[in-house]
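*Asks:* Quick one: the structure is below, and I'll ask about it shortly.
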Amino acid sequence: MIDTHIHLYDPDFDTDRDAVVSRARAVGVSAMVLASVSEKEYDAMLHVEAQYPDYCYASIGLQPEELTDLAAQMSWVEQGLKSRRWIAIGEVGLDYHFDTSRAAEQREAFRQQIRWALDYDLPLLIHSRDAFADTLQILQEHKSSRLRGVMHCYSGSAEWAREILKCGDFYFGIGGVVTFKNAKLPGILPSLGLDRLLLETDAPYLAPTPHRGQRNESAYLTLVAQKIAEVFDITPEEVSARTDNNAKRLLKL
Ligand code: NI
């Protein structure tokens with residue numbers, strides 16, 4: 001299994017990060033993608049990546065809710081991109097859930113970071129909440145055979161997924177939400193198809209049932225794989241193998 005979206009540098013893990021990584025390895029998690037949020041967590045993220053070489057891979061990008069100073073933060077991403085190689089650009093996108101006062105700036109940051117993903121030939125980790133229409137429109141503007149990425153924590157419809165897939169080589173990140181009681185997500189997994197799914201935790205957030213509400217960690221991916229296996233009527237091992245292949249293809253791991 002590959003955890004394609006985790007915030008392992010979060011202070012929630014400061015007291016037992018080694019144990020969290022050991023438990024992940026013990027259940028077969030072979031790699032983790034550290035999703036960037038903003039310049040504030042940058043040093044902590046790079047520190048964690050260096051602690052777990054050939055296991056944790058850092059991305060760079062500005063999460064839309066963290067937007068405070070567009071010019072300065074885009075300059076931070078640009079300098080970062082020039083300074084080294086990254087696994088992906090993200091998490092980037094649009095979030096209108098709590099605040100739409102910076103919606104126009106969010107769109108500008110998203111467009112800029114998509115252009116860089118194309119320039120640097122990197123996949124995008126896309127965060128989209130209460131902003132599906134605008135997210136889709138911006139992806140359509142950049143439609144290309146080279147455009148690729150993952151819709152992190154996918155919560156959209158099957159129809160919307162079909163439109164996204166027309167824009168480039170896209171995957172859908174599936175995490176703890178799929179295990180929640182009354183979740184709609186299991187119902188649309190068959191129309192997404194196993195070849196388009198990636199496993200992710202978004203830890204420390206969104207722990208799967210029966211840990212819902214507690215701190216999440218990569219070892220719980222077994223619960224996510226188990227649920228996906230039930231939906232497709234296959235074994236969890238097959239889910240791991242297929243989603244690993246998808247992740248390796250997208251991330252060039
Ligand atoms: Ni995240």
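The values are calculated or read from the model by the stated rules, or taken from the named source; none is laboratory data. Given the structure is predicted, the values throughout are model-derived calculations rather than measurements. Here the Cβ positions follow ideal geometry from the backbone for every residue, glycine too, while neighbour counts run over all protein chains shown. What goes into the accessible areas is simple: the full protein's heavy atoms, side chains included, and nothing from ligands, DNA or RNA. Shrake-Rupley method; radii C 1.70, N 1.55, O 1.52, S 1.80 Å.
*Asks:* Please report the accessible area of L194 (heavy atoms, 1.4 Å probe, ligands and nucleic acids excluded) in Å², nearest 10.
*Replies:* 10
*Asks:* Could you order Y57, Y120 by accessible surface area, starting with the largest, using a probe radius of 1.4 Å?
*Replies:* Y120, Y57
*Asks:* Given the protein chains as shown and a 1.4 Å probe, how many square angstrom of V231 are accessible, to the nearest 10?
*Replies:* The accessible area comes out at roughly 40 Å².
*Asks:* Report the full-extension gain for the segment Y205 to R162: residue separation times 0.36 nm, less the Cα-Cα distance, to one decimal in nm.
*Replies:* 12.8 nm
*Asks:* Solvent-accessible area of W76, probe 1.4 Å, all protein chains present, reported in Å² to the nearest ten, please.
*Replies:* 40
*Asks:* Would you mind calculating the gained length between L70 and E108 on full extension (0.36 nm times residue separation, minus the Cα-Cα distance), in nm to one decimal?
*Replies:* Details: separation 38, 0.36 × 38 = 13.68 nm, distance 0.85 nm.
Once the chain is fully extended between L70 and E108, it gains 12.8 nm.
*Asks:* Would you work out the relative contact order for the chain, in percent, from Cα pairs under 8 angstrom that are 6 or more residues apart?
*Replies:* Relative contact order of the chain: 19 percent.
*Asks:* Normalised by the number of residues in region 1-88, what is the relative contact order in percent for Cα pairs under 8 Å and 6+ residues apart?
*Replies:* RCO, region 1-88: 28 percent.
*Asks:* On to the next question. With runs of 4+ DSSP H residues as the only contributors, calculate the mean residue ellipticity of the chain at 222 nm using -39,500 (n - 2.57) per run, divided by the residue total and rounded to the nearest 500.
*Replies:* Numbers: 9 runs with 105 residues, N = 253.
Rounded to the nearest 500, it is -13000 deg cm²/dmol.
*Asks:* Run the numbers for N245 and D18: contour at 0.36 nm per residue of separation, minus the present Cα-Cα distance, in nm.
*Replies:* The N245-D18 span can extend by a further 79.1 nm.
*Asks:* Please identify which residues in region 138-178 have an amide N closer than 19 Å to a label point set 7 Å out from the Cα of K184, following the Cα→Cβ vector.
*Replies:* Within reach of a label on K184: 151-165, 172-178.
*Asks:* Under 22 Å from the Cα of K252, which lysines turn up, not counting those fewer than eight places away in the same chain?
*Replies:* K82, K143, K166
*Asks:* Under a 1.4 angstrom probe, counting protein chains only, how are K248, K227, K143 ranked by accessible area, largest first?
*Replies:* Details: K248 95, K227 60, K143 135 Å².
From most accessible down to least: K143, K248, K227.
*Asks:* Another question, if that's okay. Using +1 on the beta carbon of Lys and Arg, -1 on that of Asp and Glu, and nothing else charged, what's the dipole of the chain about the Cα centre, debye to 20? All intermediate terms of the calculation are to be shown ahead of the outcome.
*Replies:* Numbers: 27 positive and 37 negative charges, 143 e Å.
My answer is approximately 680 debye.
*Asks:* In addition: Give the aspartates and glutamates reachable from K184 as a straight Cα distance under 20 Å; neighbours fewer than 8 places away on the same chain don't count.
*Replies:* Counting by Cα, and skipping residues close in sequence, K184 has these aspartates and glutamates nearby: D130, E159, E163, D195, E200, D202, E230, D233.
*Asks:* With θ set to phi - 60°, apply the Karplus curve 6.51 cos²θ - 1.76 cosθ + 1.60 along region 240-247 and write out the HN-Hα couplings as whole Hz, x wherever there is a Gly or Pro.
*Replies:* After applying 6.51 cos²θ - 1.76 cosθ + 1.60, I find 4, 4, 5, 6, 4, 4, 4, 5 Hz.
*Asks:* Can you find, among N216, I6, P236, the residue sitting farthest towards the positive end of the charge dipole of the chain, where Lys and Arg contribute +1 and Asp and Glu -1 at Cβ?
*Replies:* P236
*Asks:* Taking θ as phi - 60°, what are the ³J(HN,Hα) couplings along region 205-213 by the Karplus curve (6.51, -1.76, 1.60), each to the nearest whole Hz, with x for Gly and Pro?
*Replies:* Along region 205-213, the couplings run 8, 6, 5, x, 4, x, 9, 3, x Hz.
*Asks:* Starting from the Cα gyration tensor of region 96-195, take the square roots of the eigenvalues, sort them a ≥ b ≥ c, and report rounded, prolate or oblate (rounded when a/c is under 1.5, otherwise prolate if a/b is larger than b/c, else oblate).
*Replies:* Since a/c reaches 1.5 but b/c is at least a/b, the shape of region 96-195 is classed as oblate.
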